[in-house]
Amino acid sequence: MITQDQIKALSTRIEDLKSFLAIDAKQIAVTNDEEKASEPGFWNDNKAAEALMKTIRANKKWVDDYKDLLTLNDDLAVFYDFFKAGDATENELQTQYDKVSKLLEALEFKNMLSDEGDNLSAVLQLTAGAGGTESCDWTQMLLRMYLMWCEKQGYKVKELNYQDGDTAGVKTVTIEIEGDYAFGYLKGENGVHRLVRISPFDSNAKRHTSFASVYVYPLVDDTIEITVSPADVTWDFARSGGAGGQNVNKVETKAILRHKPTGIMVVNSETRSQLENREKAMQMLKSQLYEIELQKQRAKRESIEANKMNIEFGSQIRNYVMQPYKLVKDVRTGCETAQIDEVMNGEIDAFIKAFLMMNGQKKLNDD
């Protein structure tokens with residue numbers, strides 16, 4: 001049964017969260033920024049105007065969510081009084097308590113996403129590693145997992161590049177995930193993911209180990225300035241894969257961009273327009289360069305190059321075991337579950353939260 005002490009504890013956490021989120025300061029900032037946005041000529045500089053509008057939307061979201069939390073908590077106090085008077089059931093009280101707890105935990109969780117770039121959309125690239133057909137199939141399974149997670153979050157997904165495996169599955173795929181804080185939530189997925197199972201491609205039904213790499217970086221928008229010298233890039237074009245007989249196969253629309261100073265290669269075949277694919281490839285390059293700059297700014301974190309690992313045994317961040325037992329375990333955080341079917345259906349929030357909490361704790365210790 002919900003007690004008055006539990007309700008008081010929730011109220012204390014809510015009050016503490018107000019300080020952490022600087023709600024009063026955000027409310028003042030919204031008021032001041034909205035006054036600027038109403039001034040004549042505000043949209044003369046579209047880039048600066050959009051940057052300010054983005055800030056306004058972000059701050060208003062924090063303030064509105066916190067106000068919703070206060071309202072739910074006030075309703076919880078009323079429910080408790082009704083329950084004590086016999087006018088509400090224990091189940092009704094529990095339901096209201098759970099609503100407050102869920103929103104509070106969501107805001108506490110979101111508050112961990114405070115690094116620069118966390119609020120941006122993301123680009124996610126999956127690449128099959130050691131294991132041949134089995135690893136290509138594993139890569140396709142991971143793609144499905146992330147797509148289902150994105151659907152649960154309400155994020156929009158666009159396929160930017162896709163290469164089939166030689167026999168089955170996916171050799172490499174790149175998707176754009178559009179939505180607030182997509183990169184912040186997914187940045188902990190960077191690394192090698194290892195699968196152990198009885199292979200459906202092995203007639204002897206032996207266990208196989210497969211690997212796939214996940215690379216996530218923030219998608220820059222027009223409010224972020226990244227300059228790329230034309231002399232630093234080279235372009236190649238090729239025919240895109242897909243259904244035969246279509247224009248996408250007859251014309252060299254696939255854009256392949258190489259950045260000489262960093263060695264970064266970007267492939268984009270999103271549309272049938274070479275020009276549009278060139279523009280998207282350049283945006284993806286700028287996004288990766290932005291991620292490199294973010295890594296440099298985070299002095300306590302390794303650079304992207306130092307973090308690169310071979311897609312093979314011993315380098316994984318997470319293990320997925322399907323036989324002889326079921327277990328998904330994150331090597332870094334120790335978070336684990338036997339509910340592997342749920343995980344493969346996009347239920348990965350526990351792993352995301354564990355990673356963010358671990359890094360949040362590291363920040364506190366470093367400070």
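Criterion first (without any contact (Cβ under 8 Å) to a residue 60 or more places away in the chain, aromatic (Phe, Trp, Tyr) and in contact with a strand residue (DSSP E or B) (Cβ under 9 Å, 6 or more places away or on another chain)) does TYR146 satisfy it?
Values: without any contact (Cβ under 8 Å) to a residue 60 or more places away in the chain: no; aromatic (Phe, Trp, Tyr): yes; in contact with a strand residue (DSSP E or B) (Cβ under 9 Å, 6 or more places away or on another chain): yes.
No: the conditions fail for TYR146.
The set of residues from segment 75-102 being in contact with a helix residue (DSSP H, G or I) (Cβ under 7 Å, 6 or more places away or on another chain) and β-branched (Val, Ile, Thr) comprises just one member, VAL100. Close contacts from segment 194-223, counting a first residue that is free of Cβ contacts under 8 Å to residues at least 60 places away in the same chain and a second that is in a loop (DSSP other than H, G, I, E, B), with Cβ to Cβ under 9 Å and a gap of 6+ residues or different chains, come to ALA205/SER199; LYS206/SER199. All of (1) surrounded by fewer than 17 Cβ atoms within 10 Å (Cβ to Cβ); (2) more than 13 Å from the chain's Cα centre (by Cα) hold for ALA128 with one exception: (1).
Number of residues in segment 173-221 that are closer than 25 Å to GLU270 by Cα, over 14 Å from the mean Cα position of the chain (by Cα) and part of a strand (DSSP E or B): the value is 3. For segment 148-169, residues that are closer than 15 Å to LEU186 by Cβ and among the β-branched types (Val, Ile, Thr) total 1. Filtered by the rule that a residue be out of contact with any strand residue (DSSP E or B) (no Cβ under 8 Å at 6 or more places or on another chain), exposed (fewer than 15 other Cβ atoms within 10 Å of the Cβ) and either modelled with pLDDT of 90 or more or part of a helix (DSSP H, G or I) (or both), segment 222-248 gives SER229, PRO230, ALA231, ASN247.
State yes or no: is ALA58 surrounded by 12 or more Cβ atoms within 10 Å (Cβ to Cβ), assigned to a helix (DSSP H, G or I) and touching a Ser or Thr at 6+ places or on another chain (Cβ under 6 Å)? No. Within the set LEU70, LEU107, the sole residue that is at pLDDT 95 or above, surrounded by fewer than 20 Cβ atoms within 10 Å (Cβ to Cβ) and over 30 Å from GLY169 (Cα atoms) turns out to be LEU70.
Quick check on my filter: what residues within segment 78-102 are among the small types (Gly, Ala, Ser) and surrounded by 15 or more Cβ atoms within 10 Å (Cβ to Cβ)? Steps first, answer last, please.
First, pick out the residues of segment 78-102 that are among the small types (Gly, Ala, Ser): 85-86, 88, 101.
Of everything in segment 78-102, those that are among the small types (Gly, Ala, Ser) and surrounded by 15 or more Cβ atoms within 10 Å (Cβ to Cβ) turn out to be ALA88, SER101.
Restricting LEU113, LEU147, LEU120 to residues that are of a type in the set (A, V, I, L, M, F, W, C) and either in contact with a Pro (Cβ under 9 Å, 6 or more places away or on another chain) or surrounded by 18 or more Cβ atoms within 10 Å (Cβ to Cβ) (or both) narrows the list to LEU120.
Scoring GLN125 on the criteria (1) assigned to a helix (DSSP H, G or I); (2) within 25 Å of TYR217 (Cβ to Cβ) leaves a single failure, condition (1).
Table: residues versus (1) surrounded by 14 or more Cβ atoms within 10 Å (Cβ to Cβ); (2) β-branched (Val, Ile, Thr); (3) farther than 29 Å from SER121 by Cβ.
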| site | (1), (2), (3) |
| --- | --- |
| MET1 | no, no, yes |
| GLN4 | no, no, yes |
| PHE20 | no, no, no |
| ILE28 | no, yes, no |
| ASN46 | no, no, no |
| VAL63 | yes, yes, no |
| TYR66 | yes, no, no |
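Look at VAL343 and say whether it is assigned to a helix (DSSP H, G or I), modelled with pLDDT of 75 or more and among the hydrophobic types (A, V, I, L, M, F, W, C). Against the criterion (assigned to a helix (DSSP H, G or I), modelled with pLDDT of 75 or more and among the hydrophobic types (A, V, I, L, M, F, W, C)), VAL343 qualifies.
The values are calculated or read from the model by the stated rules, or taken from the named source; none is laboratory data. Quick caveat: nothing in here was measured; it's all calculated off a predicted structure. Because the Cβ atoms are built from the backbone with ideal geometry, glycine has one as well, and the counts that use them run over all protein chains shown.
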